[in-house]
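What follows draws every value from the coordinates through simple rules; no lab data is involved. All values derive from a computational prediction rather than experimental measurement. Every residue, glycine as well, gets a Cβ built from its backbone with ideal geometry; the counts of neighbours run over all protein chains shown.
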Amino acid sequence: MNSQDFRNLQEAYLDVYGNIMEKEDSEYEKASDAALNSRFGYGRATGDKHSFGRAANRASAAASLRAIRRGERSGSGTSREAGADAVHRGWADTARTSTDQTPEKKERRTGLANTPYSDLPDDEKEKDRVSFDAVRATYNRNKNINASYEPDLFDVILEYLITEGYADTQEAALAIMGNMSEDWRESIIVEDIESRREMLKQQRIQQRISSTEAQKRKRFKEQDRETLKKEIIKALIQRQQSSTN
């Protein structure tokens with residue numbers, strides 16, 4: 001496996017991570033939905049995950065995340081317009097394939113779906129921009145909360161294959177990774193994600209406990225200062241009374 005093959009395989013695994021996270025966690029879908037409702041008054045998307053509104057928000061958010069991660073890996077970042085273009089392409093996939101549409105709406109949406117982002121009217125572009133802004137803000141917030149939450153999935157699977165005895169060398173593990181089924185690959189990643197989520201949950205619980213204890217200590221110190229202040233004032237009053245007598 002040459003260096004280019006290695007790089008292509010690693011990038012493919014990073015894209016798989018983005019897809020799985022979008023399946024497992026709908027906060028990006030919700031962020032897009034809330035932002036569009038706030039800006040344009042559409043109302044929040046309802047129904048199950050196959051309803052048009054939810055599916056469109058999910059596909060748009062997933063496309064946004066892939067664009068953001070590609071920008072990070074390349075070091076060039078993702079401009080707002082590039083992100084909005086990705087949103088449009090994600091939405092377009094749903095518009096073309098969703099069965100949760102009336103014939104009239106499907107015809108209108110398919111027309112927009114087949115129009116490149118650059119050729120859309122500005123009011124349609126603005127919807128894509130709003131969706132991308134919401135997803136990026138959520139992504140950046142999560143990244144700041146725990147910068148180590150997103151693992152290197154390539155290394156996760158490589159380590160798993162060696163640790164679990166499927167391969168005894170890195171070269172053997174790479175050979176397996178290049179041919180393993182998508183279901184097996186996803187099961188490994190999902191297990192790792194759940195493990196990290198549980199770890200993060202415990203960390204947050206501990207942080208809350210520590211914060212509560214710190215607040216208690218602060219309150220007790222303030223109470224101690226207040227008590228000491230009262231004792232000093234009382235002693236000064238008694239001294240003054242004694243001097244007067």
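Points worth noting:
- Straightening the chain between ARG44 and THR110 buys 21.6 nm, computed as 0.36 nm per residue apart minus the Cα-Cα spacing.
- Among GLU72, GLU164, the ranking by other beta carbons within 10 Å of each residue's beta carbon, starting with the fewest, stands as GLU164, GLU72.
- Fewest-first ranking of LEU161, LEU120, LEU65, using other Cβ atoms within 10 Å as the exposure measure: LEU120, LEU161, LEU65
- Pairwise FRET efficiency - THR97 versus SER211, Cβ, R0 = 41 Å, nearest 0.05: 0.30
- Structural size metrics of the stretch 162-215, computed from C-alpha coordinates, are Rg and Dmax of 18.0, 54 Å.
- Applying 0.36 nm per residue to the separation of GLU159 and GLU72 and subtracting their alpha-carbon distance, the gain on full extension is 28.9 nm.
- Measuring between their Cα centroids, the stretch 157-191 and the stretch 60-125 lie 33 Å from each other.
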